[in-house]
1. Does A:Cys52 meet the test of being within 18 Å of A:Ile120 (Cβ to Cβ) and assigned to a loop (DSSP other than H, G, I, E, B)?
2. Tally up the residues in the range A:5-34 that are part of a loop (DSSP other than H, G, I, E, B) and among the hydrophobic types (A, V, I, L, M, F, W, C), please.
3. Tell me, please, whether a residue that is farther than 30 Å from B:Phe134 by Cβ and of a type in the set (Phe, Trp, Tyr) can be found in the range B:306-323.
4. Could you identify the single residue in A:Ile233, A:Ile175, A:Ile240 that is at pLDDT 85 or above and assigned to a helix (DSSP H, G or I)?
5. If a residue counts only when it is in contact with an Asp or Glu (Cβ under 9 Å, 6 or more places away or on another chain), which strands (runs of 3 or more DSSP E) contained entirely in the range A:272-332 have at least 3 such residues?
6. Within the range B:422-457, count every residue that is of a type in the set (Gly, Ala, Ser), over 23 Å from B:Ala230 (Cα atoms) and in a helix (DSSP H, G or I).
7. Report whether or not B:Pro89 is crowded, with 21+ Cβ neighbours inside 10 Å and away from chain A (no Cβ under 14 Å).
8. Out of the range A:35-44, which residues are facing chain B (nearest Cβ under 9 Å) and assigned to a helix (DSSP H, G or I)?
Amino acid sequence: MKIIIAGIGKVGASLTAELVADGHDITLIDTQADVLERLCTQYDVLGLEGNCATMQILKDAGAAEADLLIAVTDADEINLLCCVTAHQINPRIHTIVRIRNSEYTTQIMEMRDVFGLSLIVNPERSAAWEIERLLRYPGFLTRESFAKGQVELVEFRLEAQSPLAGIKLKELPSIFKTRVLICAVLRGSGITLPGGEFELKAGDRIYMTAPARELSGILRRLGVITHKVKRVILGGGSRISFYLAQMLERDGIQVQIIDSDRERCEELARQLPQASVSCGDITDPSALEREGLSTADAFVALTGLDELNIVMSLYAISQKVPIVITKQGHIEELRDIISGLSLGSVISPKQLCSDIVVRYVRSMRDTSGETALTVQTVAGGQVQACEFMIGPGALYKDTPLIELNSKIKPGVLIPAIFHDGTVTIAGGSSRYQEGDTVIVIFTEAKNIQRFNDIFA
Amino acid sequence: MNFKSLGHFTALILFIEALLMLPALILSFVFGETRATAAYLETLLIILVLGGVLWLLSRGEKADDFYEKEGLACAGISWIVLGLTGALPFFLSGEIPAFIDAFFETVSGFTTTGASILSEVESLDKSLLYWRSFTHWIGGMGVLVFLLALVPRGSRGSGFTLHILRAESPGPDVGKLVPQIGRTARILYLIYIVLTAIDVILLAFDMPLFDAFCIAFGTAGTGGFAVTNAGLGGYSGYVQWVTTLFMFLFGVNFSCYYLLLKKRPLSVLKDEELRFYFLTFLVSGLIIALWIHPAGGNAEETLRASFFQVASIMSTTGFATADFNLWPTLAKGILVFLTILGASAGSTGGGMKCIRLQLLFKDLRSNLKRMIRPGRISLVRSNGKAVSEGVLSNLRTYLAAYVLIALVSFLLLTLDGKDLTTTITAMLACFNNVGPGLSEVGPTGNFGSFSILSKLVLIFDMLAGRLEIFPIIALLSGTTWRHK
């Protein structure tokens, strides 16, 4: 497809990488020539310098023949104008717009209709959603749902006292007494899609698929301490903090926000009547202590500075805060370092946002029903989990998975099959049929677009 | 330096060369030239073994670090390898007994120079004549661009291929026509093939089919190897006019043709470089025609001779219909100027390129203005758009390197003790990929009498000229090879 991306900040760059890998024709528009030059030499894309909201630039970028425009500049208004202008040139073009000003969030649906937008993304709001999910159901570092919420891919850290430490994967069923599948293990910075002989060690980060209804039982057996969250401290008063505080207030969770900027604190206090907002130097541990960090149920580091977030989270962990969540903007560049630190859950608004957009793009192209229904990125982008519908053209239907072992590319795994409304965690004898949905997990380097791509 | 990628790349280039040599092999069968057939088979064996070894050595995971320096080195290395292996059929068949001569001839072919060491060509085997002309066609658009058109799109980090396109395509600011580089390369080759085919058909009306193909290859690549000793002088006026037209057309930036296909003729007509190129062609042709017109001579013949030579030199093809060595000094002077000026950026032609001269002039003007009135903001514009300082500084570097290489090679050539006109024009004709110079290396002369050192210098000049200097200089620089 022909796609125009207007504005190359963090999200724009990450989208470029993902969409180029999917084989699309990408044209980038930005006002900064040096950023354009860097991306154009890194990826097979065309760059255009200028204001993306002008008719001339959009025409030059080929808006007349483009299928999709993704407007992700810094300014919401420019993004909107860009899409409106593009619609003038090409009424059939799909438009995805990033809107992040919180004043607009209440009118998102109206704006969508008025401006004819296909999708509005708000990375900060998505991040807040994700954090809220983790706080409401504590125990896992990340959770991704598939098959309309029936299967979950959860991430947890293996503690030394866990019954799983030192266990080989083939012994798992006897411990769980139910079908679970460990799809990926992150040890240090290296990811493995483990086989039966793989031995789990304390400190591993484990990605496991399990039916959603059995999660709480699994948690119990794992010895993961679940802890109902009643009081959360948010370090930093960013946009995410605002959205998150709003959501947590609704859940009846007590929120404390601490930020070093007095004006921002006053603004937040005005907007969030129930939250307690205080102004203090968040780089100073005593300021966090004053908020009662060591007795809080959760700490979320949400400033705009990745380094500061890491330091705050490390401190919170040292203070034995049960749940620590860290926001990171540049997750993939620092992936190796971050996974080496035990930072609790790491949330990347950029990654979330580009996942949403990539999912939309894939569904746009998906007229054949062959491309992925959902795409989730886990382990900081090292592993992708996709959900495929088995179409009439799928290979090896109704064959036991054990016979497919030699045919499937290495580093690709089918952990779950969704058949007739029930989920099976896949084993050697499982098979998929037309109309089923399967989950496919693979490491980053594989380029898997359609279900049949998983076969070598 | 990412040696694995470099090796992998060179292997691919070798395989492509083997593929491109097959028609010549088949022709040698058809014409029953047994010596040539044997030479081609031996060459193919050598190429395949060499390519296979490189392929095996560079097997496995390629590191992702493929940046400017790898792009430049790939371009430089693969062109040298092309020259060395492409020379083998001439050498192994014994038609050109000295390897250095065969190497010179082949590099001259691939770089679309058209400078020859042969004093006469008609005794050469036909399949070798074909290969000699076909190297022009391959080198015209570039074998790396051909590779880009063939190779499927890589995944992450695939933008690196832009470095290769930049290293091989002429012009100060090389870009893509469409977002995907593979499609850009395919579009360029499609335009190239269609134009060549039209040329072949038009020529075939009035000359043997074999000649039509060879002359069309020489025209399309703006090379200049002919298949008869008389050059193009022996063909009809019709053939000469057709060739004039196509030499001019192949000197035009190919993105103009793309814009025409996209039905945007206005932006083509407004293109500053195209206007400059056309005007220079017209004015030079008319002036030369006035100067060489003999009293009572045929006006059509004069115009044909003059415009043919102007198109030939300006597009850096180098065909000749007349011995312009005998023309008045002004006419020769204009031809030398056109030798340096060359064709348009993004064409198959060589030389400095019209756009560079335009930009250099504009840059000079804006700098002078700033000198006279400090604080004045004066931008260099091209087609109404401001040219970035990066492109301009690159341009100045290019000019400095151009002058430096020209001076050093000139001095090295003087060791041969030939007269100054021969020495200077030999260097200019090779460095700008034109082919014929003046005096001893004029349209009736050849480069055979130069010493081995001089031939090596000229080979270096031809490669530097075709690849726009930087890829070749990069090979000589220590920083290219350091680290890993």
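The values are calculated or read from the model by the stated rules, or taken from the named source; none is laboratory data. Treat the numbers as computed from the prediction; the structure is a model and nothing was measured. Glycine also receives a Cβ, built like all others from the backbone with ideal geometry; neighbour counts cover every protein chain displayed.
1. Values: within 18 Å of A:Ile120 (Cβ to Cβ): yes; assigned to a loop (DSSP other than H, G, I, E, B): yes.
Criteria met by A:Cys52.
2. Keep residues of the range A:5-34 that are part of a loop (DSSP other than H, G, I, E, B), which gives A:7-9, A:22-24, A:31-32.
Right, trim to among the hydrophobic types (A, V, I, L, M, F, W, C) and you get A:8.
Selection size over the range A:5-34: 1.
3. Taking every residue of the range B:306-323 in turn, none turns out to be farther than 30 Å from B:Phe134 by Cβ and of a type in the set (Phe, Trp, Tyr).
4. Details: A:Ile233 fails: assigned to a helix (DSSP H, G or I); A:Ile175 fails: at pLDDT 85 or above.
Of A:Ile233, A:Ile175, A:Ile240, the one residue that is at pLDDT 85 or above and assigned to a helix (DSSP H, G or I) is A:Ile240.
5. Details: elements: A:276-279, A:298-301, A:323-327.
The qualifying strands (runs of 3 or more DSSP E) are A:276-279, A:323-327.
6. The first filter runs over the range B:422-457 and keeps only residues of a type in the set (Gly, Ala, Ser), leaving B:426, B:429, B:435, B:437, B:439, B:442, B:445, B:448-449, B:451, B:454.
Applying the additional criterion that residues be over 23 Å from B:Ala230 (Cα atoms) yields B:451, B:454.
Remaining after also requiring in a helix (DSSP H, G or I): B:454.
Number of matching residues: 1.
7. Taking the combined requirement at face value, the residue satisfies it.
8. As a first pass, look at the range A:35-44 and keep what is facing chain B (nearest Cβ under 9 Å): A:37, A:39-44.
Correct list: A:Glu37, A:Leu39, A:Cys40, A:Thr41, A:Gln42.
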